[in-house]
Number of protein chains: 2
Amino acid sequence: MATMQRMQAKGLELFYSKGYYNTSVDDVLKELSMSKGAFYYHFDSKEDFFIQIVQNLLARKVYSTLIEPIEGHENPIWNITKCFEDVLESAVNNEMDFGCLLSNFLSEFNGRNETIMKHLNDILSIWEVNLVYALQKGKSNDHLDRHVDCEAVATYLMSAYFGVRTLMAGASPSARKYRFMGQLKQYFRLIEAKNVTV
Amino acid sequence: MATMQRMQAKGLELFYSKGYYNTSVDDVLKELSMSKGAFYYHFDSKEDFFIQIVQNLLARKVYSTLIEPIEGHENPIWNITKCFEDVLESAVNNEMDFGCLLSNFLSEFNGRNETIMKHLNDILSIWEVNLVYALQKGKSNDHLDRHVDCEAVATYLMSAYFGVRTLMAGASPSARKYRFMGQLKQYFRLIEAKNVTV
DNA sequence: ATAGTTACCGACCGAGTCGTCGGTTTAAGT
DNA sequence: ACTTAAACCGACGACTCGGTCGGTAACTAT
């Protein structure tokens, strides 16, 4: 049991830094000083290994970093702002960012592995559903303008988040985070209660 | 000459659909019915091949689809809206989207190949510079509110674009494009002249 | 004691990878 | 007709990859 978890944790770490196709099973094993036999005792294949990681580690971490923080009955705009701020700050500090992982893996597997894409899309849609739900609750609590299209806002927020992570990977992450958050806050003023939107 | 260009065009096509690390030189050669000899006569290595493609094809296409359309003295907001609309529409129709390519490659090479990352970042920063310039010109032409932070808007727009492309790759691209563009237009109302922003 | 199960080892296989190299064709120059 | 060089061929080497398999040590049940 502990072995499986060690393998998964290290696997996620390497897949995160080098990508799935660019990380070999031997790479993972070498870092753990373990053998091929141990690996194939616990997992059917490299793909199975990855899917286990997605379900056990990625899904839970996306939940705890991107979904849980925006639950509750407070103003969803404030919650989402705080959530993005936190997660981007940890990204600046080179900590593992599970939302970014999701976005990277979506790019890497898109059109290349249907099975894995399905699992990733499941996580994506859970995030989406929860965002929409949080926004709708915000509407009924009079935090959001009642003309707001919650699905559209959710799509827009997910886009913006994925995009800024790609961009931050390129150069000057700190400056880009700052600029991005500034504009996001501007955007949020639009959908706040008391503003009229279409 | 013609041979090199055929190779590069096919190379871009395959790297786009399968990724760089997941496409072998033999894959490209097989589709062209050409030999290893021909390949290594024209290019030093697979990496050299890719860099040539980036400089010759990707850079030019990014220019013609994302930069040229927003040049000129008209309202940059209108230009950018139209530009994004067009390029996302072609993405919906499964045509090759060079902005998306840029974003995919940024993910794929991030932390894995410094040399290639440098070339990609060059293209990225050309796009950024031109966006900022177009926005600044819009400010002096009174299309944009004069309090707008052009760098921040550019960062935000690039983020949003990259993100929505990642998201559209997942599922229901058409619906997501529609929702995204709707919110983008809302955002643009904020930075138009006559609105006050911070 | 013995038999069975769990967890693990690591040599090995075949397929595929990038890149090399000796050789061939084609076309132009003299 | 002869030389030369550009363009191209494809077998091959060196290596990496995911995955297999026969073996083994430790523990448990009987």
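Some notes on this structure:
- With the label put 7 angstrom out from Cα along the Cα-to-Cβ vector, A:Tyr40 ends up 3.2 nm from the copy partners, going from closest to farthest.
- Inter-copy separations for B:Asn141, label at 7 Å along Cα-Cβ, nm, ascending: 4.4
- Cα centroid separation, segment B:22-101 to segment A:78-133 (Å): 26
- The gain in end-to-end length when the A:Gln5 to A:Tyr40 segment is fully stretched comes to 11.2 nm, 0.36 nm per residue minus the alpha carbon separation.
- Potential lengthening of the chain between B:Lys185 and B:Ser24 amounts to 53.8 nm, from the contour at 0.36 nm per residue minus the alpha-carbon distance.
- Measuring nothing but alpha carbons in segment A:46-191 and taking Rh as the Kirkwood radius, the Rg to Rh ratio lands at 0.97.
- The 3J(HN,Hα) values that the Karplus relation (6.51, -1.76, 1.60; θ = phi - 60°) gives for segment A:142-152 are, in residue order, 6, 8, 10, 4, 7, 8, 5, 8, 4, 4, 5 Hz. Gly and Pro appear as x.
- Packing around the peptides B:17-25, A:30-38, taken as the average count of other Cβ atoms within 10 Å per residue, puts them in this order, highest first: B:17-25, A:30-38.
- Where rotation carries B onto A, the chain B residue whose Cβ is nearest that axis, in whole Å: B:Gly163, 1
- Other copies of B:Arg189: label-to-label distances in nm, shortest first, labels 7 Å along the beta-carbon direction: 1.4
- DSSP-assigned coil residues among GluC sites (Glu not before Pro) in segment B:94-198, each with at most 13 further Cβ atoms within 10 Å: B:Glu95
- Mean Cα-pair separation over length for segment B:50-191, i.e. relative contact order, pairs under 8 Å, 6 or more apart, %: 28
- Amide H to amide H, with H built 1.01 Å from N, B:Glu192 comes under 5 Å of B:Asp145, counting only residues 5 or more places away or on other chains.
- Under the criterion of Cα pairs below 8 Å and six or more residues apart, the relative contact order for segment A:87-171 equals 28 percent.
- Two-decimal log10 I(q)/I(0) for segment A:55-130, as the Debye equation yields it once each C-alpha is a single scatterer, q = 0.14, 0.21 Å⁻¹: -0.48, -0.96
- Each label point was placed 7 Å from the Cα along the Cα-to-Cβ direction; for B:Gln55 and A:Arg146 their separation is 6.1 nm.
- Estimated FRET transfer efficiency (B:Ile126, A:Leu32; beta-carbon r; R0 56 Å; 0.05): 0.85
- Relative intensity, log₁₀ I(q)/I(0), of the protein assembly as shown from a Debye sum that treats every alpha carbon as a point, q = 0.10, 0.15 Å⁻¹: -0.69, -1.42
All of the numbers you see were taken from the coordinates with simple rules; none came from a lab. None of the values given here were measured: they were computed from a predicted structure. Here Cβ is always computed from backbone atoms with ideal geometry, including for glycine, and neighbour counts include all displayed protein chains.
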